[in-house]
Amino acid sequence: EEVGTVTYVDGEWIVTNGGIPLFVAVAQSGTNRISNSVNGIDWISADFNSNLFLSVTYGNGLFVAVGVNAIRTSIDGITWVSMVTPEANNWSSVTYGNNVFVAVSRNGTNREMTSTNGILWTSRSASENNTWNSVVFANGLFVAVASDGTNRVMTSSDGITWVSRTASENTNWLSVTYGNGLFVAVSEFGTNRVMTSVDGITWISRTASEANQWQSITYGNGLFVAVSSTDFTGAIQVM
């Protein structure tokens with residue numbers, strides 16, 4: 001089972017997702033763009049690659065990181081191996097569920113890819129060629145959100161065939177997570193910058209605690225926690 005949290009530190013860290021007992025973080029900039037921690041406090045550089053990494057996940061005994069035309073895998077979170085991307089896209093988010101890794105992209109002809117082992121990847125067609133920013137798996141369903149397009153949510157039970165869904169508002173949805181029986185997505189713009197769904201299909205607008213530019217959200221220990229790139233009243237809000 002994937003264990004995740006969201007942490008922003010030096011180097012523009014995007015997200016930390018790890019398999020027990022290790023957290024792994026990836027970054028878009030800096031000298032060392034993959035790092036790991038056993039406690040979430042003390043971090044060790046694990047990779048010196050210059051790729052721009054955007055997301056990392058854990059499943060089936062393997063860490064998988066994706067980014068700008070990049071896939072890297074690791075069995076221990078320390079030693080990483082480059083894999084061939086099926087398309088040179090900006091792979092923005094990766095998750096694991098239903099025995100398959102699924103990644104979504106912000107650009108390209110085919111904006112989704114899948115792998116059963118994290119090594120060999122296959123391009124897949126998204127439901128629409130939107131800017132897909134985040135994907136999560138829960139309750140037997142992959143759910144992805146986008147920042148543009150007619151329908152800014154898509155769902156799939158297998159990671160291969162996707163169905164377009166209507167977001168609660170056509171705003172810039174950047175991150176989606178699941179917890180306590182609820183899918184929750186956040187946006188950096190719009191009137192209502194949170195939306196929720198019990199099934200990943202029908203979405204309802206919610207009012208964020210502040211009109212910040214919300215970048216990422218996750219769930220753990222009974223709380224949804226979101227972070228923003230603006231700081232009107234504080235960088236971290238619990239929703």
Rounded to the nearest 0.05, what FRET efficiency is calculated for T230 and N180 with R0 set to 30 Å and r the Cβ-Cβ distance? 0.65
When the label point is put 7 Å from the Cα of N107 along its Cα-to-beta-carbon vector, which residues of segment 126-143 have a backbone N closer than 19 Å? 126, 128-134
How many percent of the accessible area of segment 33-188 is carbon or sulfur, using a 1.4 Å probe? 47 percent
What is the sum of charges around T116, taking Lys and Arg as +1, Asp and Glu as -1, for the other residues whose C-beta is under 14 Å from the C-beta of T116? 0
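For E128 and T161 in the same chain, what is the full-extension length gain: residue separation times 0.36 nm, less their Cα-Cα distance, in nm?
Length difference between fully extended and current span is 10.7 nm.
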FRET efficiency estimate (nearest 0.05) - Cβ-Cβ, T31 to N139, R0 35 angstrom: 0.30
For segment 159-199, just run the numbers: alpha carbon Rg, then divide by 2.2 N^0.38 Å, N being how many residues it has. 1.22
At a temperature of 4 °C and a viscosity of 1.567 mPa s, determine how fast the chain diffuses translationally according to Stokes-Einstein, using the Kirkwood radius over alpha-carbon pairs as Rh; express D in µm²/s, rounded to the nearest whole number. 74 µm²/s
Accessible area per residue, 1.4 Å probe, Å², for segment 57-141: what's the number? 38 Å²
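The values are calculated or read from the model by the stated rules, or taken from the named source; none is laboratory data. From a predicted model like this one, the values you see are computed outputs, not experimental measurements. We place every Cβ from the backbone using ideal geometry, glycine too, and count neighbours over all the protein chains shown. Accessible surface areas use protein heavy atoms only, side chains included; no ligands, DNA or RNA. Shrake-Rupley method; radii C 1.70, N 1.55, O 1.52, S 1.80 Å.
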